[in-house]
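Okay, structure first, notes after.
Just so you know, all these numbers are worked out from the coordinates, no wet-lab data involved. This is a predicted model, so every value here is computed, not measured. Every residue, glycine as well, gets a Cβ built from its backbone with ideal geometry; the counts of neighbours run over all protein chains shown.
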Amino acid sequence: MAANTVTGGILQVIYLLARMTLEILGLAAIAYWGWRIGGEGLQRIAVVATLLVLTMALWGIFRVPNDPGPAPVAVPGILRLGLEVVLFGFAAWTLFDADALRMGWGFAALVILHYLISLPRILWLVKQ
């Protein structure tokens, strides 16, 4: 893995599972917020689906090559890092806006902890 976020097989697996969980929690936060602001009936479902598709598209399309695998749209590492911060920050903000303050602070703390642990990946991204 080019980014070499964590050395060692089992540690890398744990790191990747934790990151995937954080991404899923972010999507759940955005979906929850969309449900709260989306109106009623089919409009509510459309708002949630649109928010989730847009978020997942941004996350999955604009990537740094070899992080890991090919990038559908290659972007500089600093841009990718900025996109991640914006999307995770948006997810935290949605929880605050939905009056889920404890969950918002908890999610924000997990994101900060994740990036502290990911310092090697951050340095790698900045160099790309």
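Structural remarks
- Proximal charge balance of LEU11 [Cβ under 15 Å; K/R count +1, D/E count -1]: +2
- Total formal charge among the other residues, if their Cβ is under 10 angstrom from that of ASP67, Lys/Arg +1 and Asp/Glu -1: +3
- Mean residue ellipticity (222 nm) of the chain, computed from DSSP H runs ≥ 4 via -39,500 (n - 2.57), nearest 500: -26000 deg cm²/dmol
- Charge tally in the Cβ shell below 14 Å around PRO76, where Lys, Arg are +1 and Asp, Glu are -1, PRO76 excluded: +1
- Computed about the Cα centre, the dipole magnitude for the chain is approximately 220 debye when only Lys and Arg (+1) and Asp and Glu (-1) carry charge, each at its Cβ.
- Mean Kyte hydropathy of 0.0 or more with a Cα span along the axis of at least 27 Å, helices from DSSP in the chain: 9-37, 41-61, 77-97
- Debye equation applied to the C-alpha atoms of the chain, log10 I(q)/I(0) at 0.17 Å⁻¹: -0.93
- For the pair GLN43 and PHE96, a Förster radius of 22 Å applied to the C-beta separation gives a FRET efficiency near 0.40, rounded to the nearest 0.05.
- Of the residues LEU27, LEU54, VAL111, the one whose Cα sits farthest toward the positive end of the charge dipole of the chain, with +1 on the Cβ of Lys and Arg and -1 on the Cβ of Asp and Glu, is VAL111.
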